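One structure is given below, encoded as structure tokens.
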Amino acid sequence: MSRTEELAAALARTTHRVRAAARAAGRDPAGLTLVVVTKFFPADDVRHLAGLGVRDVGESRDQEASAKAAELGDLALRWHFIGQLQTNKARSAARYADVVHSVDRTRLATALQAGAAHAGRRIGCFVQVDLAAGLGLDADAGRGGAGGDDVLRVAEAVAAGDDLDLLGVMAVAPQDVEPERAFAELARTAQRLRAEHPGAVQVSAGMSGDLEAAVAAGATHLRVGSAILGSRPPAR
Ligand SMILES: *Cc1c(COP(=O)(O)O)cnc(C)c1O
């Protein structure tokens with residue numbers, strides 16, 4: 001099997017899962033965006049995926065993402081930045097990212113606004129939520145995310161950015177918690193955000209292992225990597 005055939009088969013399996021999850025939840029699959037997470041995989045894989053109809057791709061490291069976006073500039077892709085983003089990388093990310101899922105500090109929102117204005121682009125932003133506190137766990141220091149009222153403060157900073165669009169909330173389900181519980185907590189946070197920002201109706205949640213639970217809990221953006229590309233090479 002060629003790599004394209006392999007990717008086509010895995011993409012079809014995942015699309016099937018997403019449709020089945022939507023059906024089970026009584027939701028229209030058209031309301032779901034599948035972001036294919038291509039981190040650690042070569043630009044050639046992204047090109048194959050684009051040939052298979054993929055439009056939304058996710059990356060988690062600025063250096064890798066900016067190189068791929070430059071190499072694949074001929075393709076009509078939407079680049080989603082999903083990893084932790086250092087403030088000093090915001091200007092770089094603003095050059096290629098269409099959506100940033102990991103805005104978790106007011107300072108990062110301000111830096112992304114400056115980068116977007118400089119690049120003459122608009123950037124969609126999700127506020128990344130640390131679900132740990134709401135679930136009675138220790139703060140999930142390794143993965144980023146705003147907790148408690150900081151979610152609303154970060155959202156306010158995004159909404160204040162002329163070139164930023166506040167899309168909604170994003171989270172990664174903490175390990176050792178049933179995804180249903182984690183995504184229910186995210187849905188509560190999403191509701192609190194919508195009370196103040198009625199347009200922020202998107203929810204980025206769900207990965208290869210828990211996308212069904214995320215769809216059931218109202219996710220609009222699924223970030224799926226290994227189920228489509230295979231297991232990632234060990235982190236360098
Ligand atoms: C890597 C990553 C994903 C994709 O995870 P898989 O389990 O490979 O589907 C999704 N979201 C974030 C934030 C990630 O870093």
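The values are calculated or read from the model by the stated rules, or taken from the named source; none is laboratory data. Predicted model only: the values in this text are computed from it and were never measured. Using ideal geometry, Cβ is built from the backbone for each residue, glycine included, and neighbour counts are taken over all protein chains shown. Only protein heavy atoms, including side chains, enter the accessible area calculation; ligands, DNA and RNA are left aside. Shrake-Rupley method; radii C 1.70, N 1.55, O 1.52, S 1.80 Å.
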Taking first residues from the stretch 51-77 that are in contact (Cβ under 8 Å) with a residue 60 or more places away in the chain and within 13 Å of Thr38 (Cα to Cα) and second residues anywhere that are within 16 Å of the ligand (Cβ to nearest atom) and assigned to a loop (DSSP other than H, G, I, E, B), the pairs with Cβ under 8 Å that are 6 or more apart or on different chains are Gly58/Thr38; Gly58/Lys39; Gly58/Ile82; Gly58/Gly225
Being assigned to a helix (DSSP H, G or I) and within 22 Å of His197 (Cα to Cα) narrows it down to one residue among Arg91, Arg95, Arg107; which is it? Arg107
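Of the residues Ala65, Ala117, which single one is assigned to a helix (DSSP H, G or I), open to solvent by less than 60 Å² (accessible area, probe 1.4 Å) and within 15 Å of the ligand (Cβ to nearest atom)? Spell out how you get there, then give the answer.
Details: Ala117 fails: within 15 Å of the ligand (Cβ to nearest atom).
Step by step, each of Ala65, Ala117 is checked, and only Ala65 is assigned to a helix (DSSP H, G or I), open to solvent by less than 60 Å² (accessible area, probe 1.4 Å) and within 15 Å of the ligand (Cβ to nearest atom).
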Which residue out of Gly218, Gly206 is assigned to a loop (DSSP other than H, G, I, E, B), within 18 Å of Glu178 (Cα to Cα) and within 11 Å of the ligand (Cβ to nearest atom)? Gly206
Arg232 fails exactly one of the following numbered conditions: (1) more than 13 Å from the ligand (Cβ to nearest atom); (2) surrounded by fewer than 20 Cβ atoms within 10 Å (Cβ to Cβ). What is the number of that condition? (1)
Filter the stretch 166-184 for residues that are in a helix (DSSP H, G or I) and not basic (Lys, Arg); the one that is nearest to the chain's Cα centre (by Cα) is Phe183
Across the stretch 78-91, what is the total count of residues that are over 18 Å from the mean Cα position of the chain (by Cα) and within 16 Å of Lys39 (Cβ to Cβ)? 0
